[in-house]
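Only one structure is covered here, and it is reproduced in the block below.
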Amino acid sequence: MNGSPAPVTDGLAATDDIGWAVRLLAATPTHEHRDPGLLRRWARAADAFGAALAPVRCEARVVERDGGLQLGLLARYSSRPPTVELYTDTIELAERVVDARGWRDWYPPGSVRAAALAHEAVHVHLHHGPAKAALKRALGHSALRLGRLRVPGHVAGAEEVAAHAYARTVCGLGRSPLLLTAALAAESESRTRTVAGDTPPPARHARREN
């Protein structure tokens, strides 16, 4: 779905989806001193990979609960046993943020929950199938070269970028959920300035817990 543009005064929306993906990678440990051009190539490759994935079913048990604002999470996947936790309080806040920023054309009602579930479904898919190796090949990063032998390397954060791109595509969003998580972080920072001891930013999906 192609939504109408957000207001030009919205500084967060001025950064495109690839730009937010680059920021995610740059903020991921091990990438602190990476060349920005390399990070952008990885971001584009991971985004394209996620957007091209065929729809996948979430094979994990889905649990809805509160507490996401305290944890700073929209959703979390744990592999033992395979469980996806959706944090309803953070999802509700995200829906309010969408309305407040005038982004409803990009994120229709109910799409935040759908996108969070789709995002975590990709983590399940990558954890249990051959797709993780395919993502490594798509990124083109080599962990080791011995003559003609090349061992694809892991790129920290690339799975997150791919999962966000998949959620954007399969849920028909006008923008990546990365933009919305950035807005949630800004919302939390604003609340922190006015309420002492406020919770950490609810601006991310958790990395997979083993």
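Return the only residue of His127, His154 being at pLDDT below 90 and in a loop (DSSP other than H, G, I, E, B).
His154
Return only the number of the condition from (1) within 14 Å of the chain's Cα centre (by Cα); (2) under 21 Å from Val170 (Cα atoms) that Gly72 does not satisfy.
(2)
Which is modelled with pLDDT of 85 or more and hydroxyl-bearing (Ser, Thr, Tyr), of Thr169, Thr199?
Details: Thr199 fails: modelled with pLDDT of 85 or more.
Residue meeting the stated conditions: Thr169.
Among the numbered criteria (1) under 25 Å from Leu184 (Cβ atoms); (2) of a type outside the set (Phe, Trp, Tyr); (3) open to solvent by less than 40 Å² (accessible area, probe 1.4 Å), which single criterion is violated by Gly37?
Failing condition for Gly37: (1).
Let me spell it out: the conditions are (1) charged (D, E, K, R); (2) within 18 Å of Leu178 (Cα to Cα); (3) open to solvent by 80 Å² or more (accessible area, probe 1.4 Å), and Glu64 meets all of them except one. Which number is the exception?
Of the numbered conditions (1) charged (D, E, K, R); (2) within 18 Å of Leu178 (Cα to Cα); (3) open to solvent by 80 Å² or more (accessible area, probe 1.4 Å), the odd one out for Glu64 is (2).
Open to solvent by 10 Å² or more (accessible area, probe 1.4 Å) and modelled with pLDDT under 90, is that true of Ala114? Spell out the reasoning first.
Numbers: open to solvent by 10 Å² or more (accessible area, probe 1.4 Å): yes; modelled with pLDDT under 90: no.
When the stated conditions are applied, Ala114 does not pass them.
Among the residues of the range 15-30, which ones are open to solvent by 50 Å² or more (accessible area, probe 1.4 Å) and either modelled with pLDDT of 95 or more or touching a helix residue (DSSP H, G or I) at 6+ places or on another chain (Cβ under 9 Å) (or both)?
Restricting attention to the range 15-30, the residues satisfying the condition of being open to solvent by 50 Å² or more (accessible area, probe 1.4 Å) are 16, 23, 27, 29-30.
Residues satisfying the conditions are Asp16, Arg23.
The values are calculated or read from the model by the stated rules, or taken from the named source; none is laboratory data. In this text the structure is predicted, and so the values were computed from the model without any measurement. Because the Cβ atoms are built from the backbone with ideal geometry, glycine has one as well, and the counts that use them run over all protein chains shown. Quick note on the areas: whole protein, heavy atoms, side chains included, nothing else; ligands and nucleic acids left out. Shrake-Rupley method; radii C 1.70, N 1.55, O 1.52, S 1.80 Å.
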